[in-house]
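**Student:** Sharing a structure here in structure tokens format.
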Amino acid sequence: MSHLLGNKPAEDNLVTKCRLVPRWMKWSVLVVVVSVLLLSVFKVLDTRYPLVLDKLQQRSVLVNDRNGRLLRAFATPDGHWRLPVRIEGVDPRFITMLLAYEDQRFYQHFGVDLLALLRATGQLLSAGHIISGASTLTMQLARLLREPQRRSLTAKLVQIFRAIQLEQYFSKAQILQAYLLLAPYGGNLEGIRAASLAYFGKEPRHLTVAEAALLVALPQSPEKRRPDRHQGRALAARNRVLTRMVAQKVLAEEDALFARHSRVPTMRQALPALAAHVAEAVHRRDATRVVHTLTIDRQVQQQCEQIAREQVTGFAKGVSLAMLVVDYRSGEIVADVGSPNFFNQLRFGEIDMTRARRSPGSTLKPLIYGMAFEQGVVHPASLIDDMPSSFSGYRPRNFDLAYQGTVTVSDALQRSLNVPAIKLLNAVGPQSLLNRLQRVGIMPLLPAGKSVGLAIGLGGLGLSLRDLSQLYTAIARGGEAIALRERLEQLESYNPQRLLLPVANWYVQDILTGVPRPAAEAQTGSIAWKTGTSYGFRDAWAIGFDGRYVVAVWVGRPDGAPVPEITGLGAAAPVLFAAFQRIGSEPLLLRTPSGLQKLTTKELPATLVHFVPRGQLLRTNHTTPPPVIVFPPTGARIDLGWRHGKPDIPLFLKLQGGKPPFRWLANGQPFAALSRRRQITWLPDSIGFSSLTVLDAVGHSARIRVFLE
């Protein structure tokens with residue numbers, strides 16, 4: 001008892017002290033304890049129930065042009081259009097209206113707006129039903145990340161928890177950007193970008209006030225307010241947003257009034273589907289990449305696809321058309337049209353005819369002539385006979401079945417005469433032509449089981465539109481071949497190779513600029529061009545270049561069936577000139593290479609005046625042995641001590657045999673004068689491979705190829 005009595009004063013003292021503790025301090029301790037308790041619970045739940053963000057990774061694959069503009073999008077595996085978007089790619093007015101309408105304290109709360117939650121709870125208790133919601137954008141994002149569930153208290157609590165989680169791991173900008181990606185807009189449209197493209201046909205970077213208000217209103221009830229199905233509801237919902245924006249002083253009354261008079265869209269538009277074939281190809285090759293950036297220019301691509309649709313209407317059923325535009329300075333493909341309409345089955349639209357290998361007709365003739373110039377076989381001013389000829393049983397005929405007699409080599413190429421081309425191919429060798437193509441990365445398809453013959457000069461092999469574009473890109477570049485590029489991020493792994501030596505290439509360029517044009521195309525700017533028609537009227541080609549672009553066109557049936565009367569001049573050339581006119585032709589300025597001498601037929605050495613096939617030259621009655629270059633030997637590497645772009649010493653040339661006077665040619669360019677000496681010197685103007693040819697008085701010749709360094 002005494003000990004109980006003794007303790008009483010102490011207990012009273014403790015109670016007295018507790019009563020003296022300020023009330024604010026009691027609440028502070030309570031808040032701290034509750035906060036620690038809630039934080040502990042949150043940490044446990046956060047570890048046990050981590051965020052699931054798979055939906056953010058399931059985005060539509062985009063194929064963009066060189067400037068980041070959308071060419072084509074692919075739906076997600078579950079069939080939704082969910083296009084990646086960045087905040088800076090959305091109209092700022094839309095962002096302002098969205099936050100004002102959905103979440104005014106977005107940048108202040110931690111995922112849950114307690115003031116809005118208390119207000120909504122009070123309204124529910126007093127009215128007995130929901131008056132206004134309290135979901136923040138973060139809570140809406142939490143709901144969008146999960147499978148659709150019924151509304152319930154449990155579901156709301158889960159949203160709150162997930163919203164807090166999101167705020168812990170992501171910045172406000174990241175949360176807003178994720179909402180812009182996932183917000184529903186009706187049907188299979190998700191995200192602001194897909195909705196803007198589908199309803200307005202444009203990117204969300206620049207929206208009108210009316211458009212922004214509609215896009216703010218739709219996610220609240222996307223199916224019931226779809227403008228393509230429920231125009232009245234969409235209009236009413238949009239106007240409610242405008243009214244509130246005026247009340248919150250986000251919009252001026254006159255701006256809202258003008259927006260109310262704007263119509264809402266009544267139908268969904270198809271998302272962009274430009275460059276469909278190349279987009280399919282890059283997506284198929286790298287399915288893990290979300291964004292592919294091509295070298296294509298969207299504006300040029302649109303123009304070329306429009307030209308293809310316009311031109312193909314004049315062709316018979318089943319005829320297709322393909323086109324490539326290449327910036328030959330870089331090798332970048334700026335337009336790629338595999339067919340006029342990807343979805344047109346009657347014209348085999350799904351087949352990419354830029355990659356199909358077909359007979360190239362006469363399109364290889366410029367390379368044949370260039371090799372003949374390079375080897376000193378002929379000069380553009382040389383004369384050549386166009387008349388019936390047989391080459392071991394092979395008898396080429398001209399396209400019109402007529403013969404022109406004796407013409408200049410330049411004229412023969414401009415008229416695309418077949419017999420002169422085969423004569424020159426026989427002189428340079430068909431295997432050499434094939435080797436030259438392969439050297440620059442072009443791999444032709446040859447007939448199975450057949451040797452390389454003269455027929456390849458008139459289309460007896462398979463090449464694609466891309467192959468021919470690469471070939472003419474080299475000619476446009478002065479004879480230097482580079483690989484074509486279709487992806488902007490594609491690294492250049494192809495070392496430039498020389499297709500033709502500069503002088504020989506210049507001759508080809510100069511001749512092609514003089515090819516006669518159809519009368520209707522007379523006003524088009526300076527263009528070097530060539531046409532081709534395959535055997536049996538199956539393929540029509542037209543390829544040309546101006547001061548910047550190579551344009552290549554193919555017309556025909558993808559199934560290989562003949563098309564009566566289809567020709568390169570009649571079917572493909574109009575498309576070629578329409579493309580140059582539409583995309584804007586730049587003047588073609590031919591750069592004169594060092595050492596070039598323009599000669600007339602009369603100024604040529606006697607052995608170059610009139611081309612005679614090699615076999616006929618060998619049947620002469622002269623007993624003098626043909627010339628042989630004994631120094632330097634062919635294939636030799638010779639150091640001339642180059643300094644400041646010039647050699648220290650000249651190259652010593654020596655020959656045996658032959659009948660003087662002699663005509664020497666370096667890379668197809670004749671020396672200044674004839675020489676009767678068998679030992680001369682030559683001062684080259686560039687390092688690298690050089691082809692040296694000597695011709696004697698009776699037409700015998702000898703050639704070597706050396707590397708100068």
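**Student:** Fewest to most neighbouring Cβ within 10 Å: what's the order for 95, 442, 543? Walk me through the intermediate numbers first.
**Tutor:** Details: 95 16, 442 19, 543 30.
Final ranking by Cβ density, sparse to dense: 95, 442, 543.
**Student:** Oh, and also: Round to a whole angstrom and tell me the spacing of the C-alpha centers of the range 452-486 and the range 351-402.
**Tutor:** The distance from the Cα centre of the range 452-486 to that of the range 351-402 comes to 14 Å.
**Student:** Relative to the first principal axis of the alpha-carbon coordinates of the chain, what is the inclination of helix 92-102, with its axis defined by its Cα atoms, in degrees from 0 to 90 and to the nearest 10?
**Tutor:** The helix 92-102 is inclined about 30 degrees to the chain.
**Student:** Rounded to the nearest 0.05, what FRET efficiency do residue 105 and residue 229 have when you use their Cβ-Cβ distance and R0 = 41 Å?
**Tutor:** Details: r = 34 Å, r/R0 = 0.83.
Step by step, r from the Cβ atoms, then E = 0.75.
**Student:** Run the numbers on the chain and let me know its relative contact order in percent, using alpha-carbon pairs under 8 Å that are six or more apart. Please list the in-between numbers first.
**Tutor:** On the way: 1309 pairs, mean separation 70.4, N = 709.
10 percent.
**Student:** Any idea what angle helix 418-428 forms with the longest principal axis of the chain, computed on alpha-carbon atoms, 0 to 90 degrees, nearest 10?
**Tutor:** Once rounded, the angle reads 90 degrees.
**Student:** Local charge sum around residue 201 (other residues, Cβ-Cβ under 12 Å, Lys/Arg +1, Asp/Glu -1)? It would help to have the intermediate numbers written out before the result.
**Tutor:** Working: positive: 202, 268; negative: 203, 211.
Result for the neighbourhood of residue 201: 0.
**Student:** Work out the charge dipole of the chain with +1 on the Cβ of Lys and Arg and -1 on the Cβ of Asp and Glu about the Cα centre, then indicate which of 318, 674, 701 is farthest towards its positive end.
**Tutor:** 318
**Student:** Hey, quick one: spin label on residue 432, modelled 7 Å out along Cα-Cβ, who in the range 685-703 has an amide N within reach, i.e. under 20 Å?
**Tutor:** 688-703
**Student:** Then there is this: Once both labels are modelled 7 Å past Cα along the beta-carbon direction, what's the residue 249-residue 445 spacing in nm?
**Tutor:** In this crude spin-label approximation the distance works out to 7.2 nm.
**Student:** For the range 365-533, what does the relative contact order come out to in percent, with C-alpha contacts under 8 Å and a separation of six or more?
**Tutor:** 22
**Student:** Then there's this: In nm, to one decimal, how far is the residue 261 label point from the residue 598 one, both placed 7 Å along Cα→Cβ?
**Tutor:** 6.5
**Student:** For Kirkwood radius over Cα pairs in Å, the choices are (1) 26.3; (2) 28.1; (3) 31.5; which was calculated from the structure?
**Tutor:** Computed from the coordinates, Kirkwood radius over Cα pairs in Å corresponds to (3).
**Student:** Right, next: Given points 7 Å out from each Cα along the Cα-Cβ axis, report the residue 590 to residue 689 separation in nanometres with one decimal.
**Tutor:** Label at residue 590, label at residue 689, 2.3 nm between them.
**Student:** Would you kindly state how much longer the chain becomes between residue 290 and residue 154 on full extension, computed as 0.36 nm times their sequence separation minus their alpha carbon distance, in nm to one decimal? Could you put the intermediate results ahead of the total?
**Tutor:** Working: separation 136, 0.36 × 136 = 48.96 nm, distance 3.57 nm.
Extra length available between residue 290 and residue 154 comes to 45.4 nm.
**Student:** Between residue 146 and residue 306, what length comes free when the chain is fully extended (0.36 nm per residue of separation minus the Cα-Cα distance, one decimal in nm)? Show your work: numbers first, answer last.
**Tutor:** Working: separation 160, 0.36 × 160 = 57.60 nm, distance 4.31 nm.
Extending this stretch completely gives an extra 53.3 nm.
**Student:** Expressed as an acute angle from 0 to 90° and rounded to the nearest 10, what is the orientation of the C-alpha long axis of helix 2-19 relative to the principal long axis of the chain?
**Tutor:** Helix 2-19 and the main axis of the chain meet at about 50 degrees.
The numbers here are math on the coordinates, done by the rules we state, and not lab data. Note that this is a predicted model, so its numbers are computed, not measured. Note that each Cβ is placed from the backbone with ideal geometry, even for glycine, and that neighbours are counted across all protein chains shown.
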